[in-house]
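Structure, as structure tokens:
The values are calculated or read from the model by the stated rules, or taken from the named source; none is laboratory data. Computed from a prediction, not measured in an experiment: that's the story for all the values here. No Cβ is skipped: glycine too gets one built from the backbone with ideal geometry, and neighbour counts run over all protein chains shown. Ligands, DNA and RNA are stripped out before the accessible areas are found, and what is left, the full protein with its side chains, is counted by its heavy atoms. Shrake-Rupley method; radii C 1.70, N 1.55, O 1.52, S 1.80 Å.
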Amino acid sequence: MIDFLKEAAGVAPSPRQLMWYDTGFYAFIHFGMNTFTDQEWGTGKEPESLFDPKGLDCRQWARVLREAGIKGMVLTAKHHDGFCLWPSKYTEHSVKNAPCKRDVVAEAASACREEGIRFGVYLSPWDRNSELYGTPEYNDYYCNQLEELLTQYGDLFCVWFDGACGEGPNGKKQEYDFPRYIEMIRKYQPGAVIFGGPDVRWCGNEAGSSRVSEWAVVPGELYELADIQTGPGPLAGEGSLSYMGCTDGLIGSMSSILYSKGLAFLPSEVDTSIRPGWFWHSQEEPRPLKKLFQIYLGSVGGNACLNLNIPPNRDGLLDERDITRLKELRALLDKEFGTPLKAKVEKIDGKYPTQPVYLVTLDKPVPRVKYVELREDISKGQRVESFRIEYAGGGDYPLFQGTTIGNRKICALTDPFAEQNRLLDDTGDQVEQIVVRVTAARGEVFIKNIDLF
Ligand code: FUL
């Protein structure tokens, strides 16, 4: 059992997964036929004449993202309605037959390059326009389109596979040839992560919720496309994991990996929209700042990445209401996490490599510490199972008790939105030292960083 946990501790990310962690916060751009029909899922029968974003300006999208500290864009090159935002050779249902004849994918890709953010594509496998859908030939069609996207628009950081799968005109569901798609992505874009494939998994909901314990190391058999790095867990065969999927709350926990048939490094992306819908609808308003901030804490600050959708409107521009909200979010993130408090970090107990203790001493005492940000050196794998944060000498009253850390764990010691916090404010005390105690881990712990805010 112990040996297997040590093995689990060594399941490590690929360079492309490290690049993805480094991207951290990126944005979905849902734009297409639905923008003009006020729908979320088009039928595929919409006339091309409807796609007419007169003020289209992808540079505006990329600029807004960069100014909000968002480091990448994932554009819906084709959604379920099959309408292509680039002039694909393989269909008539694209921008080439629309009043707006522009290659939106090309414009978005070059806007991202100019603004210095990463670019990726979403190509819906479900296509309600293609006559071929539901037949083996559809896989050729899909691969042809994928090839266009992989070869004509420069480096991609992400290819996003949507799991949605409906019925084709023949009443049949399509069998997607994912191994073939993946091989092609690796061939042309070896640096890109594949979401919904071997590199990044769905967090399991579209609301922006995150797990209390987010493990990047998960049972491999649940994600057959992922690269399995260990042998079976010690209890494999005695139980069944078939009940578990992306939506399970305990993925990667000890109880799930002991029964696994092998482990894979497959971290989670939290994908959600700034508005209720994925596409732009005039009546919808952006979600409250507080909600977006919490989503950020739970995702970027919870060993996942955040893919926040910001949908352009019918002019082809991001909506001023969303821009305002993004500016507010940026200002709040800068205020809370702009500069860490100056402090010295010492390991004060390293006797047990799985239970190190750190003392953080601030240069100057402060009335309160609002957040502690912890980072494991994720390149070595994910190890911490539990930790606590205490005032030095105040071990009976933990300020925070946590489970996983992973790439980045932001621990909010107080309610960020409370007017005042009784525990910290009423005492009038000053904080000078904080202790971070790892209480359990799967292997030797490598804490890369401890910051206080
Ligand atoms: C889902 C789709 O059905 C939604 O329209 C949206 O694109 C979301 C990101 O994925 O599966």
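Please indicate, with yes or no, whether at least one residue in region 75-95 is more than 16 Å from the ligand (Cβ to nearest atom) and more than 30 Å from R180 (Cβ to Cβ). Within region 75-95, not a single residue is more than 16 Å from the ligand (Cβ to nearest atom) and more than 30 Å from R180 (Cβ to Cβ). Yes or no: region 80-93 includes at least one residue that is surrounded by 20 or more Cβ atoms within 10 Å (Cβ to Cβ) and under 23 Å from the mean Cα position of the chain (by Cα). Within region 80-93, one or more residues are surrounded by 20 or more Cβ atoms within 10 Å (Cβ to Cβ) and under 23 Å from the mean Cα position of the chain (by Cα). Can you say whether N129 is in a loop (DSSP other than H, G, I, E, B), of a type in the set (S, T, N, Q) and within 16 Å of the ligand (Cβ to nearest atom), as far as the supplied structure shows? So N129 fits the description; yes. For region 227-245, the candidate set comprises residues that are hydrophobic (A, V, I, L, M, F, W, C), in a loop (DSSP other than H, G, I, E, B) and touching a Phe, Trp or Tyr at 6+ places or on another chain (Cβ under 8 Å); within that set, the residue that is modelled with the lowest pLDDT is L241.
Selection over region 156-172 of residues that are away from the ligand (no atom under 15 Å from the Cβ) and surrounded by 13 or more Cβ atoms within 10 Å (Cβ to Cβ) gives a count of 4. Sort through E40, E48 and tell me the only one that's open to solvent by 10 Å² or more (accessible area, probe 1.4 Å), charged (D, E, K, R) and touching a Ser or Thr at 6+ places or on another chain (Cβ under 8 Å). Matching residue, one of E40, E48: E48.
Looking across region 392-402, the residues that are touching a Phe, Trp or Tyr at 6+ places or on another chain (Cβ under 8 Å) and touching a residue at least 12 places away in the same chain (Cβ under 8 Å) come down to L399, Q401, G402. The residue that is surrounded by the most Cβ atoms within 10 Å (Cβ to Cβ), counting only those in region 1-36 that are among the aliphatic types (A, V, I, L, M) and modelled with pLDDT under 95, is L5. Of the candidates R186, R180, the single residue that is free of Cβ contacts under 8 Å to residues at least 24 places away in the same chain, within 28 Å of D140 (Cα to Cα) and open to solvent by 40 Å² or more (accessible area, probe 1.4 Å) is R186. Taken over region 189-206, the residue count meeting the criterion of being part of a loop (DSSP other than H, G, I, E, B) and either surrounded by fewer than 16 Cβ atoms within 10 Å (Cβ to Cβ) or within 16 Å of the ligand (Cβ to nearest atom) (or both) is 8. Just a yes or no: is a residue in region 213-226 closer than 22 Å to N407 by Cα and within 16 Å of the ligand (Cβ to nearest atom)? No, region 213-226 contains no residue that is closer than 22 Å to N407 by Cα and within 16 Å of the ligand (Cβ to nearest atom). Taking region 109-126 as the range and being away from the ligand (no atom under 16 Å from the Cβ) and part of a loop (DSSP other than H, G, I, E, B) as the test, the residues that pass are G116, I117. Scanning region 256-281 for residues that are more than 16 Å from the ligand (Cβ to nearest atom), surrounded by fewer than 23 Cβ atoms within 10 Å (Cβ to Cβ), free of Cβ contacts under 8 Å to residues at least 60 places away in the same chain and in a loop (DSSP other than H, G, I, E, B) yields a total of 3.
Within region 141-152, not a single residue is in contact (Cβ under 8 Å) with a residue 60 or more places away in the chain, within 16 Å of the ligand (Cβ to nearest atom) and surrounded by fewer than 23 Cβ atoms within 10 Å (Cβ to Cβ). Of all residue pairs spaced 6 or more apart or on separate chains, those with beta-carbon atoms under 6 Å, a first member in region 355-374 that is within 11 Å of L341 (Cβ to Cβ) and a second member that is open to solvent by 60 Å² or more (accessible area, probe 1.4 Å) are V360/V345; T361/K344; T361/Q433; L362/E432; D363/K342; P365/Q430; P365/E432.
Residue pairs whose Cβ atoms lie under 7 Å apart, separated by 6 or more positions or on different chains, with the first residue in region 296-315 and assigned to a strand (DSSP E or B) and the second more than 14 Å from the ligand (Cβ to nearest atom) and acidic (D, E), are G302/E214; A304/E214. Need the failing condition index for D248 against (1) assigned to a loop (DSSP other than H, G, I, E, B); (2) crowded, with 19+ Cβ neighbours inside 10 Å; (3) under 22 Å from the mean Cα position of the chain (by Cα), just the number. Answer for D248: the failing condition is (2). So, P179, is that one away from the ligand (no atom under 15 Å from the Cβ) and not in a helix (DSSP H, G or I) or not? Taking the combined requirement at face value, the residue does not satisfy it. Restricting the search to strands (runs of 3 or more DSSP E) fully inside region 319-435 and requiring at least 1 residues that are modelled with pLDDT under 95, of a type in the set (A, V, I, L, M) and on the phi < 0 side of the Ramachandran plot gives 357-366. If you go through region 117-142 and keep only what is over 25 Å from D271 (Cα atoms) and out of contact with any His (no Cβ under 9 Å at 6 or more places or on another chain), you end up with E131, L132, Y133, G134, T135, P136, E137, Y138, N139, D140, Y141.
From the list K370, K380, the lone residue that is within 24 Å of N449 (Cα to Cα), among the basic types (K, R) and touching a Ser or Thr at 6+ places or on another chain (Cβ under 9 Å) is K370. Those helices (runs of 4 or more DSSP H) of region 1-51 in which at least 1 residues are touching a Phe, Trp or Tyr at 6+ places or on another chain (Cβ under 7 Å) and within 16 Å of the ligand (Cβ to nearest atom), considering only elements entirely within it, cover 33-37.
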